[in-house]
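Asker: I have a structure here, written as structure tokens, and I will follow up with some questions on it.
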Amino acid sequence: MSTAVFTRNLDLWTETYSISFYLNYLARWPDLCLVQEAPNGKMMGYVLGKAEGHAQEWHGHVTAITVAPEYRRLGLARKMMDELERISTEVYNGYFVDLYVRCANHLAINMYEGMGYSVYRRVAQYYSRLPHEKGGRDQEDAFDMRKPLPRDTMRRSVRPNGREIIIPRDQAP
Amino acid sequence: TCNKLLKKQPKHETIRALKSLALLRANKPEEAIQLCDEILAAKPTDDTVLGIMQHVLKHLDRTPEITTMFEDAFKKQPANEELGAQTFMSHIRVGSWKNAQVIALKLFKTFKQPKYLFWSIMSAVLQAQNAGGVNPGMTDNAPILLNLALRMVTTSPIPSFVSPDHFYLHLTILKTLDKLDEAYELIHSDRGKRLCDTSLVVDELRRDIFKAKGACREEAILCGERLSKKGDRNWITFLSLIDSTFDVIKLNESQSKTDTDPAAPAADSKGAGPPPEENKPASSNGESKGEDDPELTPKPTPHPELPLEPEALIEGLRELFTRVAKEDGLKERGAHLASLQLEKRIRTREEGQGNATSETLLFLAKQYFDNFSDKTCCFEDLKPYVATLEEGELTSWLAFLKEKAEARDLSSAAGLARFINVSKLQRFSSSTPRAEADEQADATRYLKAYFEALPLGKYCIFSGKDLPETELQLADDLAILALNALVSAWTVTRKESYLHQALVVLEYASSKSKQNYQFHVLAVRIYRLLAANGQALSHYRAMDVKQVQTDTLCHLILSRGSTFSLALIGDVGMTQECIAASEIYNQNSSETADMIIRAFQFEKYSQITEFVEFEDRLDNSLQRDLTRLEYVRMKFATEKLEPEALLLELQELEFVLDKMHHDNRDFGVIPNYQPRGQSLADQTSMGVVRGFQWLTVFLQLYIRAYARASRVETSAASDMNTFLSGWLSEMTEDEKTFLKFSQILHDWIPCPPLQSREAAMAALTGTPVPSDGTSTPLQNTNGDPAAKANGEGERKDTPPPPHVKQDGSDPVTVEASAQTAAKYFEDAAARVKALVEQGELLWEACHVAALAQEAFILLQIVSLPYIGKSGKSKMKITDSGSVVESLKSVRAQAATQLRATSIVLSDAAEKEGSIARRDKWAEGCAALSEADAALSTEFASSVAKKTLDARKTVCDGLAKGILKVVEGH
């Protein structure tokens, strides 16, 4: 991933962060930061990830993933997730990969479920309100979705009643 | 609290340090500085104190002293590992790689941690690259440094295989030293291979090393294997396979030449590419037979798995891509695109050999369209290949597209995407220039389709629910296509009503798709052309450009932004944008250095060079200084002109002039669906795009004027006439005239007696001047060498008559120059009037008026030594009577002309506000209602009102501002 990628990001859903936010990821987990470029050099999408957690909570985490509107419905997100999962397994030897998603973002939740993720728990008031939105619990709460990696032989990162388990924000990492 | 505690323990360093910080925060810098200096003088070693002092010094902009502070502390306590590490970091922060290298090595020797050794190695590499320096690039002593670094790597207690980043660093050193065989060997070790497999950065470097070594056969086989067996679909792999295969062809050809010509020196084959390194006879194509045979010993026979014949090699690629494309189906574009890429490459080769081109490319383009035209990216994907089609092929291609266009079906998302792709491709493939009628018809066609398809976006195609406001409309690109056609119609006819129509389309489409930033980008561009800057500004703000985007995108609103600045009448909208856009550079100086340090801490050596480059690109951004200069132009109209302030400004501008700039501006963000060879970005640019040359010329112009005003010499500015020849492609005609005016001023007004920089600065800061001869504030009037340097020194062949003579001025020439200067204002006034009357784009009239106002201020600036009010630095100028006279006379004439311009503008403003104007404007958009009733004259009228109001504000503001300048100074 090159440092030049985060300069053109005008999508509402993808926050543009400070320099140190991006560089911090690159300075620590460069192999979990991936970008996809089109043959003409345009950025199609990127993912930022990190590795964190203790003992059996050691895992890969997807901090941000985005695909430009004109390159959607091409399976790019899935490819980036595949790669991130591969690195989380082969390089970091983690137990699972997880990500946070707004409870209201059904589109994304469906997509992640299609990739093998399931809701592990609900984190209350994780997000701030989006502009143009009225707010509400589903807007502000996040689902913590997880996908087990080969090392999680006991499949501890999957539980059927994840949607009902709610934790406050300060208990989330 | 600090004071209380200090009473108890007056020598407690931590508390004193905290107090210094507190004083700083409490905005008492003098006291803070004093305390800070006292603490530093004591050379503290306490961790906490050092930490606090680091903050204090950072706030005081004295970062270099942080290094000294840590150095001193570490010298006092060489066994303190933490102090040592901090010292290292402080060197990294300021980019002194050499010192960092020394400290890191010391740390390694004392504490034996391999990490410190690698810090030292990385620092040596950065030093060799002169990373972040004024002239980045390999230094003369790079080989010594890199060999030293290499020795450190090879003697390290840990091998470089421990992590991809250590390995990356090791390979980088080998590659830079051209020790390719060693690098190659490392890559082929088991651990090396594994690192290439799991790390993209390492693999990228591996590829570079293969290429440098000329291992094209091996690269071809490796890529083939990855694509055919390992499911690799990285586009770089496809590209590399194609590239390396063509390198193999070249290599084979050059080798067969060498074979038949035994007299040819062996080095020939090396020159054409690489020494071969494989050894068995040729057999099949690019696919591997499965056996893993990395050959370390170069042998002069072709690879077993690669045929010798070019046709066979190419056919091998064709088969591979076709097979992979078939396997992947439509889920992956890679192999489909690779087929096109291959044919394009073959075409170049065939053309080079004078052969006829085959029709495969055209066939594949059609096939690709059939496969992927329901995806938005289809157009962008096909563009480079369509661009290489020949005349005859284009006819066939256009016929194919026409057929597809006729079969349009806008009832589904896929059908809509297809129609959009067809339309974009049709425009791109058509020949320029297109007639007004064609563009008009196209615009209507796109708009009809837009309205037909708009209901598709009413519901979310996935959830079936109402489309939330945060989503984009599927039909958006049709509106952008219509806009392209309308702008094109305007460029052909210069009928402004096409731009009005474009705005109506944009405002409508933007209201339906609030998050589409492309609409905002285009609206900014067109509103600016029409001088409706307020509207442009609100669209720009709707994009919420922030963080590092301000560097790449603020050009949209700030390019020649001073034209519309209303700072003189108290509207600070534009100056605020300048300030907001400059914030990122401060962030860069503090944050990026921190992150470079972090990369060291986490030993991510693969990132460090890039971080340093990133910091440099932003620090020396062209836009940064274009914004700075634009800000100066907005502000000096509002501020009292004083030699002291100008002197400070002068030093800043001189500093900027010395920089090596990077252009980070993003113009690709402006969507372009114009026929080949046209660009919407160019068509909607407010004056020719500015670049390095523009910046240099304007910087010099102001540096020279400021130097005169503050009576110091400057080596930065040369004769503006030397620019008038080649350098002016980035300037508008009116900017060129302005530049000439500045030269006239320079030649006409005699250079005042100059003082030395030190003396001027001393006078400014109030510090006493050291009492040696050189620093006398008043140098011997006209005879001094500095004045000479500013006089006729390096004048070229055709400048206005030089008259800045040591022995006073020639009254006749003075009079002539004065008249030429006055004429500038007369011409400018006439031009503004003509532009307004002829109904040219309003920005142009504003541009000329703003420049004339700027010229007036420039005149004030260079007159300062003669008519300055400030008594502080006033020096006696002998025999200046005639100069003062003519200055006053020109100023009076200029004021008269500017007043006239002000009246022209305020008359224009009044007209903009009239109902009749609005109705006429809306009527001009009547053609749009043909496309859909939604684009009614009522809607157009509402857009017209906003636009005209914004124009009125600009004209009014400019008119009033000019009066203020004329009267205020």
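Asker: Consider B:Val669 against the criteria (1) closer than 30 Å to B:Gln426 by Cβ; (2) within 14 Å of another protein chain (Cβ to nearest Cβ); (3) modelled with pLDDT of 95 or more: it satisfies all of them except one. Which criterion is unmet?
Answerer: (3)
Asker: If you don't mind, another one. For the range B:672-693, check the following and say yes or no: at least one residue is over 24 Å from B:Leu728 (Cβ atoms), open to solvent by 30 Å² or more (accessible area, probe 1.4 Å) and within 20 Å of the chain's Cα centre (by Cα).
Answerer: Checked the range B:672-693: at least one residue is over 24 Å from B:Leu728 (Cβ atoms), open to solvent by 30 Å² or more (accessible area, probe 1.4 Å) and within 20 Å of the chain's Cα centre (by Cα).
Asker: Could you tell me how many of the residues in the range A:21-44 are at pLDDT 90 or above and within 7 Å of chain B (Cβ to nearest Cβ)?
Answerer: Of the residues in that region, 7 qualify.
Asker: Sticking with this structure for a sec: Which one is most open to solvent (accessible area, probe 1.4 Å), of the residues in the range B:557-572 that are in contact (Cβ under 8 Å) with a residue 40 or more places away in the chain and in a helix (DSSP H, G or I)?
Answerer: Step one: list which residues in the range B:557-572 are in contact (Cβ under 8 Å) with a residue 40 or more places away in the chain, which gives B:558-569, B:571.
So of that shortlist, the ones also in a helix (DSSP H, G or I) come out as B:558, B:561-564, B:567-569.
On the way: B:Leu558: 3, B:Gly561: 0, B:Ser562: 20, B:Thr563: 7, B:Phe564: 3, B:Ala567: 16, B:Leu568: 29, B:Ile569: 74 Å².
Across the range B:557-572, the extreme among qualifying residues is B:Ile569.
Here is a yes/no grid of residues against (1) at pLDDT 90 or above; (2) open to solvent by 40 Å² or more (accessible area, probe 1.4 Å); (3) not charged (D, E, K, R):
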{"residue": "A:Gln56", "(1), (2), (3)": "yes, yes, yes"}
{"residue": "A:Gly60", "(1), (2), (3)": "yes, no, yes"}
{"residue": "A:Ala68", "(1), (2), (3)": "no, no, yes"}
{"residue": "A:Asp82", "(1), (2), (3)": "yes, yes, no"}
{"residue": "A:Ser88", "(1), (2), (3)": "yes, no, yes"}
{"residue": "A:Asn93", "(1), (2), (3)": "yes, yes, yes"}
{"residue": "A:Phe96", "(1), (2), (3)": "yes, no, yes"}
{"residue": "A:Tyr100", "(1), (2), (3)": "yes, no, yes"}
{"residue": "A:Ala104", "(1), (2), (3)": "no, no, yes"}
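Asker: Something else: Among the residues of the range A:106-130, how many are at pLDDT 95 or above, part of a loop (DSSP other than H, G, I, E, B) and open to solvent by 20 Å² or more (accessible area, probe 1.4 Å)?
Answerer: Selection size over the range A:106-130: 1.
Asker: Additional query: So, in the range B:341-371, exactly how many residues are in contact (Cβ under 8 Å) with a residue 60 or more places away in the chain and assigned to a loop (DSSP other than H, G, I, E, B)?
Answerer: Restricting attention to the range B:341-371, the residues satisfying the condition of being in contact (Cβ under 8 Å) with a residue 60 or more places away in the chain are B:341-342, B:345, B:349.
Next, only the ones that are assigned to a loop (DSSP other than H, G, I, E, B) stay: none.
Counting residues in the range B:341-371 that are in contact (Cβ under 8 Å) with a residue 60 or more places away in the chain and assigned to a loop (DSSP other than H, G, I, E, B) gives 0.
Asker: Quick test for you: out of B:Tyr702, B:Tyr605, pick the one residue that is within 12 Å of another protein chain (Cβ to nearest Cβ) and either closer than 30 Å to B:Ala485 by Cα or among the hydroxyl-bearing types (Ser, Thr, Tyr) (or both). Spell out how you get there, then give the answer.
Answerer: Details: B:Tyr702 fails: within 12 Å of another protein chain (Cβ to nearest Cβ).
B:Tyr605 is the lone residue from the list that is within 12 Å of another protein chain (Cβ to nearest Cβ) and either closer than 30 Å to B:Ala485 by Cα or among the hydroxyl-bearing types (Ser, Thr, Tyr) (or both).
Asker: If you scan the range A:60-84, which residues turn out to be assigned to a helix (DSSP H, G or I) and within 13 Å of chain B (Cβ to nearest Cβ)? Break it down into steps so the answer makes sense when it comes.
Answerer: We begin by selecting, within the range A:60-84, every residue assigned to a helix (DSSP H, G or I); these are A:69-71, A:76-84.
Listed by number, the residues that qualify are A:Pro69, A:Glu70, A:Tyr71, A:Leu76, A:Arg78, A:Lys79, A:Met80, A:Asp82, A:Glu83, A:Leu84.
Asker: May I pose another question? What are the residues in the range B:396-448 that are among the basic types (Lys, Arg), over 27 Å from B:Ala926 (Cα atoms) and open to solvent by less than 70 Å² (accessible area, probe 1.4 Å), if any? Write out each step before concluding.
Answerer: Here is the first cut: in the range B:396-448, the residues among the basic types (Lys, Arg) are B:402, B:404, B:408, B:418, B:424, B:427, B:434, B:445, B:448.
Restricting the remaining residues to those that are over 27 Å from B:Ala926 (Cα atoms) gives B:402, B:404, B:418.
B:Lys404 - this is the single residue of the range B:396-448 that is among the basic types (Lys, Arg), over 27 Å from B:Ala926 (Cα atoms) and open to solvent by less than 70 Å² (accessible area, probe 1.4 Å).
Asker: Please state which one of B:Leu522, B:Leu553, B:Leu537, B:Leu481 is under 23 Å from the mean Cα position of the chain (by Cα), within 29 Å of B:Glu923 (Cβ to Cβ) and crowded, with 24+ Cβ neighbours inside 10 Å. Give the steps one after another, and end with the answer.
Answerer: On the way: B:Leu553 fails: within 29 Å of B:Glu923 (Cβ to Cβ); B:Leu537 fails: crowded, with 24+ Cβ neighbours inside 10 Å; B:Leu481 fails: under 23 Å from the mean Cα position of the chain (by Cα).
From the options B:Leu522, B:Leu553, B:Leu537, B:Leu481, the qualifying one is B:Leu522.
Asker: Further question: How many residues, within the range B:512-537, are modelled with pLDDT under 95 and either over 21 Å from B:Thr552 (Cβ atoms) or of a type in the set (D, E, K, R) (or both)?
Answerer: The total comes to 3.
Asker: Specify the residue that is farthest from B:Thr357 (Cα to Cα); the eligible residues are those in the range B:372-395 that are part of a helix (DSSP H, G or I), open to solvent by 40 Å² or more (accessible area, probe 1.4 Å) and within 11 Å of chain A (Cβ to nearest Cβ). Working first, answer last.
Answerer: Taking the range B:372-395 as the starting set, the residues that turn out to be part of a helix (DSSP H, G or I) are B:372, B:378-386, B:391-395.
Now narrow it down to the ones that are open to solvent by 40 Å² or more (accessible area, probe 1.4 Å): B:383-384, B:391-392, B:395.
Filter once more, so that each one left must be within 11 Å of chain A (Cβ to nearest Cβ): B:383-384.
Details: B:Lys383: 19, B:Pro384: 17 Å.
Going through the qualifying residues, I end up with B:Lys383.
Asker: Further question: Select from the range A:85-105 the residues that are part of a loop (DSSP other than H, G, I, E, B) and touching a strand residue (DSSP E or B) at 6+ places or on another chain (Cβ under 8 Å) and write down the one among them that is nearest to the other protein chains (Cβ to nearest Cβ).
Answerer: So in the range A:85-105, the residues part of a loop (DSSP other than H, G, I, E, B) come out as A:91-95, A:103-105.
Add one more test, that the residue is touching a strand residue (DSSP E or B) at 6+ places or on another chain (Cβ under 8 Å), and what stays is A:92, A:94-95, A:103.
Details: A:Tyr92: 10, A:Gly94: 14, A:Tyr95: 19, A:Cys103: 14 Å.
The residue in question is A:Tyr92.
Asker: Give the range B:171-187 a look and list any residue that's surrounded by 15 or more Cβ atoms within 10 Å (Cβ to Cβ) and either in a helix (DSSP H, G or I) or touching an Asp or Glu at 6+ places or on another chain (Cβ under 8 Å) (or both), or say none.
Answerer: Of all residues in the range B:171-187, those surrounded by 15 or more Cβ atoms within 10 Å (Cβ to Cβ) come to B:171-177, B:179-180, B:182-184, B:186-187.
Those that are surrounded by 15 or more Cβ atoms within 10 Å (Cβ to Cβ) and either in a helix (DSSP H, G or I) or touching an Asp or Glu at 6+ places or on another chain (Cβ under 8 Å) (or both): B:Leu171, B:Thr172, B:Ile173, B:Leu174, B:Lys175, B:Thr176, B:Leu180, B:Glu182, B:Ala183, B:Tyr184, B:Leu186, B:Ile187.
The values are calculated or read from the model by the stated rules, or taken from the named source; none is laboratory data. Computed from a predicted structure; not experimentally measured. Quick reminder, even Gly has a Cβ in these numbers, built from the backbone with ideal geometry, and neighbours come from all protein chains shown. Remember, those area values only see protein heavy atoms, side chains included, never the ligands or the DNA or RNA. Shrake-Rupley method; radii C 1.70, N 1.55, O 1.52, S 1.80 Å.
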